[in-house]
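Asks: One structure follows; several queries about it will come next.
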Amino acid sequence: MALRTTPSSVSFSHPFALKGVDGPLPAGSYEVETEEEIIETLHRMVYVRVATLLIIRSTGMTRTVTVDPGDLQMALERDRAMAG
């Protein structure tokens, strides 16, 4: 199974919560990695998302949690709505 990882980042102006993450996370910028599996057919290659990872850095510690991309998008939309 071949995978590709695409890095990106998201920024929150307010504390936020995500399913599967213990407690609220502080406002700030976060790295996101999207892992996709490459599926080869006779005619083309298709990339299928297998995981979206949020990298949480705090003093002296880094942890990576798997998040639902839809939940992450909804959290970003709520954050933007709170901005006015």
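The values are calculated or read from the model by the stated rules, or taken from the named source; none is laboratory data. Predicted model only: the values in this text are computed from it and were never measured. Positions of Cβ are backbone-derived with ideal geometry, glycine not excepted, and every protein chain shown enters the neighbour counts.
Asks: Scan segment 40-68 for residues that are small (G, A, S) and either surrounded by 13 or more Cβ atoms within 10 Å (Cβ to Cβ) or on the phi < 0 side of the Ramachandran plot (or both) and jot them down.
Replies: Of everything in segment 40-68, those that are small (G, A, S) and either surrounded by 13 or more Cβ atoms within 10 Å (Cβ to Cβ) or on the phi < 0 side of the Ramachandran plot (or both) turn out to be A51, S58.
Asks: Within segment 1-39, restricting attention to residues that are small (G, A, S) and either surrounded by 12 or more Cβ atoms within 10 Å (Cβ to Cβ) or not in a strand (DSSP E or B) (or both), which residue is modelled with the lowest pLDDT? Can you show your working first?
Replies: Filtering segment 1-39 for residues small (G, A, S) gives 2, 8-9, 11, 13, 17, 20, 23, 27-29.
Right, trim to either surrounded by 12 or more Cβ atoms within 10 Å (Cβ to Cβ) or not in a strand (DSSP E or B) (or both) and you get 13, 17, 20, 23, 27-28.
Numbers: S13: 96, A17: 95, G20: 85, G23: 88, A27: 96, G28: 96.
If we take residues in segment 1-39 being small (G, A, S) and either surrounded by 12 or more Cβ atoms within 10 Å (Cβ to Cβ) or not in a strand (DSSP E or B) (or both), then G20 is modelled with the lowest pLDDT.
Asks: With the requirement that a residue be of a type in the set (S, T, N, Q) and part of a strand (DSSP E or B), what does segment 59-84 give you?
Replies: Once the filter is applied, which keeps residues that are of a type in the set (S, T, N, Q) and part of a strand (DSSP E or B), segment 59-84 yields T62, T64, T66.
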